[in-house]
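A short worksheet on the structure shown next.
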Amino acid sequence: MLLSSCQTSADNIELSGEASVGYDTNPAQSHASEDLAFARIALGAAKTLTLDQSDLRFALDGWYRDYAADNDSYRLALSSAWSRPTARDRGLLTLSVAGAIYRDALVPADARNEAALTLRYDRILNARDTVGLSAEVRRLDYRNPSLPWSGRPGSGSGLQLSHGRGKTSGRQGPGRQSAAREQRRDDQRSTIALDASHAWSPALSTRITLAHARNASTVALESYDRSGIGFSARFMLNHSWLLESGLGWSRSDYSHTQRRLERRDEELNAALVIRHRLGARELFCGLDWLNDKSTIDERSFRQQVIQCGMAWSF
């Protein structure tokens with residue numbers, strides 16, 4: 001989903017808020033899609049402590065998404081990050097830990113608790129170019145027993161759309177399996193990513209990202225390897241208008257499936273958002289498009305999401 005974050009500092013505490021409405025053509029990311037309108041609100045608070053040659057930052061943020069009927073979803077996350085400049089302030093080393101809870105009434109298979117450890121290093125090469133390398137290990141403990149592949153593809157990556165309609169899962173497991181085969185699972189996802197940013201002018205900048213992730217699950221069918229590439233651009237139209245766009249591709253190989261259920265997914269996504277700043281507030285409107293093509297036809301889907309709203313600081 002497209003986000004906006006307007007922050008301010010008051011008594012050394014940064015506060016942020018956002019309210020938006022939108023329309024999702026496939027909130028469950030299923031082959032048989034059902035569209036749904038939604039409203040969303042998000043709040044966040046952060047505090048940074050200055051230590052000897054380093055900073056320590058604590059953050060608490062969460063969001064709540066409201067749909068028709070009993071289909072609400074929400075996420076609450078607590079994180080801390082230690083950062084230290086290196087190479088005469090040309091580099092920045094950051095180590096962060098985070099925990100989160102996520103609940104979803106549309107796709108109960110996605111409800112989970114998370115814990116993550118992330119290490120990142122950013123380096124300024126020159127006045128126009130910056131590179132970054134990050135590595136993360138994330139633990140995902142799913143709360144509800146479910147059939148394999150009942151959740152959204154790659155659920156837990158942090159980019160998932162969490163929507164709802166009804167109390168049953170929007171996706172079914174492979175084949176006509178009985179409820180007796182439902183089981184809880186725990187995943188451990190390891191991700192490494194390399195990105196490079198370039199400022200073409202004071203108004204235009206771009207970033208390209210290469211990433212690889214491996215998901216090891218206690219349910220063999222849920223294990224996969226994923227490689228992807230992404231490109232994004234930011235263009236300042238003037239002092240108050242900003243245009244952002246993105247394009248990405250990824251491929252997921254489920255190498256632990258049985259031969260008759262061998263699965264490979266290719267995902268193509270695009271995004272466009274425009275923002276207008278009004279002092280401490282910001283208006284935004286954007287569109288996300290996603291096309292997932294799988295070697296198993298019933299895992300293929302398309303999704304478009306439009307979302308508009310306002311972010312503010314207080």
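With all protein chains present, how much of the accessible area of the chain (probe radius 1.4 Å) comes from carbon and sulfur, to the nearest whole percent?
59
Assign unit charges at the C-beta atoms only (+1 for Lys and Arg, -1 for Asp and Glu), then state the dipole size of the chain relative to its Cα centre in Debye, rounded to the nearest 20.
Magnitude of the dipole: close to 480 debye.
For the range 20-120, which semi-axes, largest first and in whole Å, follow from the square roots of 5 times the eigenvalues of its Cα gyration tensor?
Computed over the range 20-120, the values are 36, 14, 13 Å.
Write down the accessible area per residue of the chain in Å², having rolled a 1.4 Å probe over the full set of protein chains.
Here the residues of the chain average 53 Å² of exposed surface.
Pairs of alpha-carbon atoms within less than 8 angstrom and 6+ residues apart define the contacts here; what relative contact order does the chain have, in percent?
For the chain, the relative contact order is 17 percent.
Run the simple label-point estimate for Tyr64 and Thr25 please: 7 Å along Cα→C-beta, distance reported in nm.
In this crude spin-label approximation the distance works out to 3.1 nm.
Please quote Rg/Rh for the chain to two decimal places, taking the Kirkwood radius as Rh and restricting both calculations to Cα atoms.
The Rg/Rh ratio comes out at 0.96.
Under 20 Å from a point placed 7 Å out from the Cα of Ser201 along the Cα-to-Cβ direction: which residues of the range 121-142 have their backbone N that close?
Answer for the range 121-142: 127-130.
Under unit Cβ charges (Lys, Arg +1; Asp, Glu -1), what dipole magnitude, rounded to 20 debye, does the range 14-103 have relative to its Cα centre?
520
The values are calculated or read from the model by the stated rules, or taken from the named source; none is laboratory data. Just so it is clear, the model here is predicted, and its values are computed rather than measured. Counting neighbours? That spans all protein chains shown, and the Cβs are built from the backbone with ideal geometry, glycine included. Accessible surface areas use protein heavy atoms only, side chains included; no ligands, DNA or RNA. Shrake-Rupley method; radii C 1.70, N 1.55, O 1.52, S 1.80 Å.
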